[in-house]
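Enquirer: Before I ask anything, here is the structure I am working with.
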Number of protein chains: 2
Amino acid sequence: MARNPDHPDLRDVRLDRIFAALGDQARLRIVAVLADRAEHQREDFAVEVGPSTLSHHMKVLREAGLVRCRFEGTRCFVSLRADVLQRHDTALDGVLRSLVQESA
Amino acid sequence: MARNPDHPDLRDVRLDRIFAALGDQARLRIVAVLADRAEHQREDFAVEVGPSTLSHHMKVLREAGLVRCRFEGTRCFVSLRADVLQRHDTALDGVLRSLVQESA
DNA sequence: ATCGAAGTTCGACGAACTTCGAACTACTAT
DNA sequence: ATAGTAGTTCGAAGTTCGTCGAACTTCGAT
């Protein structure tokens, strides 16, 4: 397990990458769960794919700069990256609000 | 030339499709140009691809529900779909504002 | 009627993506 | 040390995507 996975620098975060990451149903659902700004674990993302596929989607979200993964023992806690959200506040704030709304 | 191209019904517009459409540099630039809410023509989109590729991107944006194409003679005028923007106001308003900002 | 201009559609191509299962790694508990 | 658990990485297979050039359609002008 990667103890310190590749989180891109804030400067390397591109909006088109972020949108591409959001352009998939599974990942959009994951972000919808994360939109409450809390930390979540894998079982919270009710997405019907195998573990390796979920890992892949996590990697896409991570490399886009949207999420941060924190490791504690064998478990992985994932949350939205506050710095990126703030940097792209104009673009992303409404997106997250709409996802929260949709989850309810 | 398609005189009356396929614009999806407002109900069939999905957010994940929209994000997927925005997840490409060329298309994101096109939307950035359109973000002033005015009608534009092809030459306004300073995107370095051939005509057929531009047509392809237009189709993706159209089928995602983001843009509307109006034909006048041989020319095609394209603009953002106000109804979709309003329907997904929470999600899209900030996105467009950020694109305007970036264009300046 | 013919020609040219503006866009679209049609293959085609390689690149990138999604998904899976199998093998691997890192940690925990016994 | 051994076994189990959580998650990642590694091919592989199939699909979708981005791009191009060529052929086609629609319209305007001559």
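Read the figures in this text as sums done on the coordinates, not as results from a lab. All of these numbers come straight from a predicted model, not from anything done at the bench. With ideal geometry, Cβ positions are generated from the backbone for all residues, glycine too; neighbour counts draw on all protein chains shown.
Enquirer: Compute the distance from the alpha-carbon center of segment A:1-72 to that of segment B:18-50, in whole Å.
Expert: 27
Enquirer: A:Ser55 label points, 7 Å along Cα→Cβ, one per copy: pairwise distances from this copy to the rest in nm, shortest first?
Expert: So the distances to the same position in the other copies read 4.4 nm.
Enquirer: Could you list the trypsin sites (Lys or Arg not before Pro) in segment B:1-69 that lie in coil according to DSSP, counting only those with at most 11 other Cβ atoms within 10 Å of their Cβ?
Expert: Sparse-neighbourhood loop trypsin sites (Lys or Arg not before Pro): B:Arg3, B:Arg37.
Enquirer: On to the next question. Per residue of segment B:61-77, in order, report the coupling 6.51 cos²θ - 1.76 cosθ + 1.60 (Karplus, θ = phi - 60°) as ³J(HN,Hα) in whole Hz, putting x for Gly and Pro.
Expert: 5, 5, 6, 6, x, 7, 10, 10, 10, 10, 10, 9, x, 8, 8, 10, 9
Enquirer: Rg over Rh of the protein assembly as shown, using C-alpha atoms and the Kirkwood radius, what does it come to?
Expert: Result for the protein assembly as shown is an Rg/Rh of 1.01.
Enquirer: Let me ask something additional. If each label sits 7 angstrom from Cα along the C-beta direction, how far apart, in nm, is A:Arg70 from its counterparts in the other copies?
Expert: Inter-copy label distances (nm, one decimal, shortest first): 5.2.
Enquirer: Oh, and also: Output ³J(HN,Hα) for segment A:79-89: one whole-Hz value per residue in order, computed from phi by the Karplus curve 6.51 cos²θ - 1.76 cosθ + 1.60 with θ = phi - 60°, and x for Gly and Pro.
Expert: 3J(HN,Hα) across segment A:79-89, in whole Hz: 8, 5, 7, 4, 5, 5, 4, 6, 4, 10, 3.
Enquirer: Please report the Cα spread of chain A along all three principal axes, rounded to whole Å, starting with the longest.
Expert: Cα extents, longest axis first: 35, 32, 22 Å.
Enquirer: Each residue of segment A:10-21 in turn: what ³J(HN,Hα) in whole Hz from Karplus with 6.51, -1.76, 1.60 and θ = phi - 60°, glycine and Pro shown as x?
Expert: Working through the residues one at a time gives 3, 5, 8, 7, 10, 4, 5, 5, 4, 5, 4, 5 Hz.
Enquirer: Tally Lys/Arg at +1 and Asp/Glu at -1 over every other residue whose Cβ is under 14 Å from the Cβ of A:Ser79; what's the total?
Expert: Charge balance near A:Ser79 sits at +2.
Enquirer: Another one. Can you list, shortest first and in nm, the gaps between the label point of A:Asp9 and those of its counterparts in the other copies, using a point 7 Å from Cα in the C-beta direction?
Expert: The projected label point of A:Asp9 is separated from its counterparts by 5.0 nm.
Enquirer: Now a separate question. Counting Lys and Arg as +1 and Asp and Glu as -1, what is the net charge of the other residues whose Cβ lies under 12 Å from the Cβ of A:Gly94?
Expert: -2
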